[in-house]
1. How well do other chains shield peptide B:137-143, expressed as the mean number of their Cβ atoms within 10 Å of each residue Cβ?
2. Residues of A:262-269, mean number of Cβ from any other protein chain within 10 Å of their own Cβ, rounded to a whole number?
3. Using 0.36 nm per residue of separation minus the Cα-Cα distance, give me the extension gain between A:Arg233 and A:Ser320 in nm, one decimal.
4. Chains B and A: how much accessible area gets covered up at their contact, both sides added, probe 1.4 Å, in Å² to the nearest hundred?
5. Which parts of region B:152-171, residue by residue, lose 40 Å² or more of accessible area when the rest of the protein chains are there, as against the chain isolated (1.4 Å probe)?
6. Over region A:361-436, average the accessible area per residue using a 1.4 Å probe and give it in Å², no decimals.
7. Quick one: helix A:55-65 against the long Cα principal axis of chain A, what's the angle to the nearest 10°, folded into 0 to 90?
8. Can you give me the accessible area per residue for region B:75-170, using a 1.4 Å probe, in Å²?
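The values are calculated or read from the model by the stated rules, or taken from the named source; none is laboratory data. Keep in mind that this is a model prediction, so the values were computed, not measured. Note that we place each Cβ from the backbone using ideal geometry, even for glycine, and neighbour counts take in every protein chain shown. All accessible areas refer to the heavy atoms of the entire protein, side chains included, with ligands and DNA or RNA removed. Shrake-Rupley method; radii C 1.70, N 1.55, O 1.52, S 1.80 Å.
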Amino acid sequence: MLKKLSFAIIVIVFAANNAAAQKLRIDVQGVAQPTPVAIVPFGWEGNSPAMPLDIAEVIKSDLRRSGRFSPIPENDMLQKPTDGADVDFGDWSILGVEAVVVGKVTQVGVNAYSLRFQLFDPFRQRQLVGYQIPASRGTMRGAAHRAADMIYEKLTGIKGVFGTKVAYVTAEQQGGRERLYSLIVSDQDGENEFKIMESKDPIMSPAWSPDSRQLAYVSFEGSRSSIFVQNLRSGNRFQVSNKPGINGAPAFSPDGRKLVVTLGGVEGNPDIYILDITSRQVKRLTTHRAIDTEGAWAPDGRHIYFTSDRSGGPQIYRISVSGGTPERVTFEGSYNARPRLSPDGTRLAMVHNDRGNYRIAVMNIERKDLLVLSAGRQDESPSFAPNSDSLIYATRQSGDGVLETVSADGLIRQKMASGQGDVREPVWSPFPRFAK
Amino acid sequence: MSYYKIFAVAVLGALLAGCPATPVPDPEPTDTTYDGSDSASTDGMDGFDGQGGTAIEDPFEQLGTVIYFDFDSSEVRAADQDLVAAHAIQLNENSYTSVRLEGHADERGSREYNIGLGERRAQAVRQMLMIQGVTASQIQTVSFGEERPDAMGSSESDYARNRRVEIRFTD
């Protein structure tokens, strides 16, 4: 009874708050030479004077934010076709743009629309991709991101991540030492913020399930740590670990059935465990008296990377999921922690102490060479985009945590500034799975 | 289930109603003993007169409850060992009381690793209490890592204030 009651008090639905939540603002600091492209304003056929969402603007902003493209201003355009058949390739090759996107939105029902777009190469005078996507008012933005993803993939050969999401934690000062912690999910461009949980006690370490339908996280409600898994659509959550001492650092297995977690026990010796989500059975992987924590599953599901200070300072180790002796992976520098694998399995991101500054570094697992990607003093929580091509992490700006993304080669870095308190622990979602 | 609910409401009601009706007099720590030197003489009745006897002080009131640590260290400083010992004595004398040791780290580095560092500090204090006879069941530990800083800044002195264990009394 009591347990049920406290649960009901803690779980609140925050939908009402979200409209008021200030969204993240994004500044791009591109350093590569961006390719000029033309995104022609989309046409509109429907009952209202204007279309529900400026599709061209969403696509433009996605491509610009990638740092790889610079959309030309609308004023420079010699024609503004909305149908591929009306594109005059000469008009576009004069402008030197390497790609032209045209399209339109047609209303087909009360809340039903059809988004149509075509991408052309004006030099070869060919359509590169054309697609029609059904949408409602609520899914219109997602449909525009999907269009941007297809355009991006056609032009770069890299799968776009504009349709993905990020989860992160915010802490707002409430006077004195009081804080309000929130767990937020938003589109990867900072739009559509949705608060999925809030608490006066710390929230930590969000982690996406591989189907991106659930988040695991650590909550300190009641002044003790426990691990929850929350369904994003329903808002229902269940407690999967509530043992004495540390319950921390959850990360899903590639099949989504297990979590690697850190448990400390009464004696407070943090070790790596594998927790079966359904049965709640745990299997201990490490037994060292050092701090072993921050487990991360390799994409092949066979190894777990983790942080351990068994050698003195924190370094990254790797252990088989069936146990055995861990093997040390990082040797460069005195502090390497919080390993995260790129989804393609080739690279390892970490927090690395670079001459007194905590920065995000990426190591090629085969070659073992380390590349420092960030430039802050106190950067943390790196997380790869699902295309392995960029990362998101938290840095500090005048005392508060803000989010940045950086391309995996370090060339394009961009800031996502939030008006709301201290933003930390961003985690990038897997690719969305569309209904077939 | 409804019985529990009624019971809970009744208990809550009793507590709420009981609170203002039974004020607890503050003990006066500076003048604890009735010295009987008043000019007027009165006849006392043993066992009834509230003026006699010795007030009991809050056993934990005078003791500090925060222990600070050096950078990258979980060793209780020599200067704080007496404080921990004093808490051990109090806990031994009042075996019905218990404490929660809340370990903290400064903000540098990785968050979950800092949870480990905070726990290590809480465990150092726990071990010291247990060596001095406090039973395991009287002690709980929790690490907040860098999540609940005391000082909000990022200077060395802020970091020093944040590397700490707070001793909190639980019932």
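1. Details: counts 1, 0, 1, 5, 8, 10, 8.
Average per residue, whole number: 5.
2. Working: counts 5, 0, 9, 1, 7, 6, 15, 4.
Taking the mean over all residues of the peptide, I get 6.
3. Details: separation 87, 0.36 × 87 = 31.32 nm, distance 3.37 nm.
Here the answer is 28.0 nm.
4. On the way: alone 11830 and 20260 Å², together 29040 Å².
Chains B and A together bury roughly 3100 Å² of accessible area.
5. SASA drop of 40 Å² or more in region B:152-171: B:Met152.
6. Working: 2950 Å² over 76 residues.
Computed with neighbouring chains in place, this is 39 Å² per residue.
7. The answer is roughly 50 degrees.
8. Values: 3560 Å² over 96 residues.
Heavy-atom SASA per residue in region B:75-170 reads 37 Å².
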